[in-house]
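A.B. asks: Here you go, one structure.
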Amino acid sequence: MDFSLPRRLLACVLSCVCAGAFLLLFQGSPAHAVNNRVTIHESFVFYDMGLLSYELWVFDSSGTITEESCKALPQARNNAQTTYSTDPQRKTCSIKASFFTLNNPYVEASEDGAFTFVTRPVRFEDFKVSFPEGTSYLTRDLSFAGISTKISKMSPGGTVSDGPRNSVNVQWSGDLGSSLAAVGTFSPTNDFRSIRRVSMPEVAPDELPTDLEVVAAPTPSTQATTRATRTQRSSSVPPTHTPLVDIDGDALIKKLMGLSVFVFAAFGVYSIWNAKQQQDAQKSRQAKAKADEQLSDDHAKESSSPRSPFVLPPKERIPTSPESSAQSAVTPDDPSSSPRSRFAPPTN
């Protein structure tokens, strides 16, 4: 595999790809899709001894709700416990209140076992703050549950589910309307005292709606099928709504896509790096093999021509001088070539 890009340029390109994948993974959803959504859960639980508990959970992804606006809700004024928290993704407001054998604005119950529940769901305007334009409900529901109760009438749009100890849960979701109500009977304890719906600080009893629907009593043969299929939850106590972390589908898909891009980018970085390492190792092996082969050829040439140990190699031989060459050219058999003595007799 041949790479024409320099290593530094290649590393820069891959770093940009990884950075883009991280941004896509952690950027979250667009402001109009996620950041302007609010989730509101409300739940009421009525016990046969006369205890009424109330819980409110608000999850604000727009970051508009403040601690002051949370504590200023009417539901927080009546011996309630208010909790406010914030994190980078949302702000949370929760209110918990209990009314034990006390008059309250929501439930009226008599000693003969009849009860009436009426409430006004919490709305945006109750927080006394201005939400961003386009703010909508991500989830909005309200539930009423009771032990040893039976529902005979309720506001339209509710879902009835049965639980243990003859408990019944009614839940409304989506467009809740101006007020919600449920009418039925329960089995009071021996020491039960009547409860009336009365006004409390900033919370007044709502009038009973006139559009209540009759809840058909299930027969023994259909109770385990018809009503069980509509059951939302069941537990050893009356079913109440447990606030869960709200997950936006679009945001989850975007984060999964970002994670996939990051994984593929990381795999690409490793693959290219690994291929480059293998290429460098292969080139190094080839260069070493070539050098070893050249050295072997040189040794083979030297060993193929045997040389006398008394003969020096060509590079180590001493060059001969011109005088030595001239003297070597004179032969002793040629008398003319030898020097003549002045005392010798003349030649003919």
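The values are calculated or read from the model by the stated rules, or taken from the named source; none is laboratory data. Model, not experiment: these values are computed from the prediction. Neighbour counts run over all protein chains shown; Cβ positions are idealised from the backbone, glycine included. Note: accessible area is taken over every heavy atom of the protein model, side chains too, but ligands, DNA and RNA are not part of it. Shrake-Rupley method; radii C 1.70, N 1.55, O 1.52, S 1.80 Å.
A.B. asks: Just checking, how many residues over segment 90-109 are open to solvent by 70 Å² or more (accessible area, probe 1.4 Å) and either assigned to a strand (DSSP E or B) or within 17 Å of Ser43 (Cα to Cα) (or both)?
C.D. replies: Within segment 90-109, residues that are open to solvent by 70 Å² or more (accessible area, probe 1.4 Å) and either assigned to a strand (DSSP E or B) or within 17 Å of Ser43 (Cα to Cα) (or both) number 4.
A.B. asks: Pick out the one residue from Asp60, Asp87 that is open to solvent by less than 50 Å² (accessible area, probe 1.4 Å), of a type in the set (D, E, K, R) and at pLDDT 85 or above. Explain how you work it out, then say what you get.
C.D. replies: Numbers: Asp87 fails: open to solvent by less than 50 Å² (accessible area, probe 1.4 Å).
Result of the check over Asp60, Asp87: Asp60.
A.B. asks: If you check Ser234, Ser161, which single one turns out to be at pLDDT 90 or above and over 29 Å from Arg77 (Cα atoms)?
C.D. replies: On the way: Ser234 fails: at pLDDT 90 or above.
The unique qualifying residue is Ser161.
A.B. asks: Ok, one more. For Phe127, indicate whether it is in contact (Cβ under 8 Å) with a residue 12 or more places away in the chain, out of contact with any Phe, Trp or Tyr (no Cβ under 7 Å at 6 or more places or on another chain) and among the aromatic types (Phe, Trp, Tyr).
C.D. replies: Values: in contact (Cβ under 8 Å) with a residue 12 or more places away in the chain: yes; out of contact with any Phe, Trp or Tyr (no Cβ under 7 Å at 6 or more places or on another chain): yes; among the aromatic types (Phe, Trp, Tyr): yes.
Yes: the conditions hold for Phe127.
A.B. asks: Another one. Has segment 163-186 got at least one residue that is among the basic types (Lys, Arg), under 14 Å from Glu108 (Cβ atoms) and either part of a loop (DSSP other than H, G, I, E, B) or more than 40 Å from the chain's Cα centre (by Cα) (or both)? Full working, then the answer.
C.D. replies: So in segment 163-186, the residues among the basic types (Lys, Arg) come out as 165.
Then keep just the ones that are under 14 Å from Glu108 (Cβ atoms); that gives none.
No - not one qualifying residue is present in segment 163-186.
A.B. asks: Ok, one more. Report whether or not Leu142 is assigned to a strand (DSSP E or B), under 18 Å from His41 (Cα atoms), modelled with pLDDT of 95 or more and under 33 Å from the mean Cα position of the chain (by Cα).
C.D. replies: Working: assigned to a strand (DSSP E or B): yes; under 18 Å from His41 (Cα atoms): yes; modelled with pLDDT of 95 or more: yes; under 33 Å from the mean Cα position of the chain (by Cα): yes.
Yes, satisfied.
A.B. asks: Select from segment 63-84 the residues that are of a type in the set (Val, Ile, Thr) and over 15 Å from Glu42 (Cβ atoms) and write down the one among them that is most open to solvent (accessible area, probe 1.4 Å). Please lay out each step first, then the result.
C.D. replies: First, pick out the residues of segment 63-84 that are of a type in the set (Val, Ile, Thr): 64-66, 82-83.
In the following step, the residues that additionally are over 15 Å from Glu42 (Cβ atoms) were identified as 64-66, 83.
Numbers: Thr64: 25, Ile65: 3, Thr66: 50, Thr83: 67 Å².
Ranking the candidates gives Thr83 first.
A.B. asks: Note down all Cβ pairs under 8 Å where the first residue falls in segment 130-151 and is farther than 14 Å from Ala181 by Cβ, the second is assigned to a strand (DSSP E or B) and of a type in the set (Lys, Arg), and they're at least six residues apart or on different chains.
C.D. replies: Thr135/Arg37; Ser136/Arg37; Tyr137/Arg37; Leu138/Arg37
A.B. asks: Next question, about the same structure. Any idea which residue in segment 163-183 is most open to solvent (accessible area, probe 1.4 Å), counting only those that are over 20 Å from Ala114 (Cβ atoms) and of a type outside the set (Gly, Ala, Ser)?
C.D. replies: The extreme case among them is Asp175.
A.B. asks: Any residue that is part of a strand (DSSP E or B), polar (S, T, N, Q) and either under 17 Å from Trp57 (Cβ atoms) or under 34 Å from the mean Cα position of the chain (by Cα) (or both) - is there at least one of those in segment 120-133?
C.D. replies: Initial filter on segment 120-133 (part of a strand (DSSP E or B)): none.
So far as segment 120-133 goes, no, none of its residues is part of a strand (DSSP E or B), polar (S, T, N, Q) and either under 17 Å from Trp57 (Cβ atoms) or under 34 Å from the mean Cα position of the chain (by Cα) (or both).
A.B. asks: I would also like to ask the following. Taking the condition over 30 Å from Gly63 (Cβ atoms), open to solvent by less than 10 Å² (accessible area, probe 1.4 Å) and aromatic (Phe, Trp, Tyr), does Phe186 pass?
C.D. replies: no
A.B. asks: Let me ask something else about it. Please enumerate the residues belonging to segment 265-285 that are open to solvent by 50 Å² or more (accessible area, probe 1.4 Å) and hydroxyl-bearing (Ser, Thr, Tyr).
C.D. replies: Tyr270, Ser284, listed by residue number.
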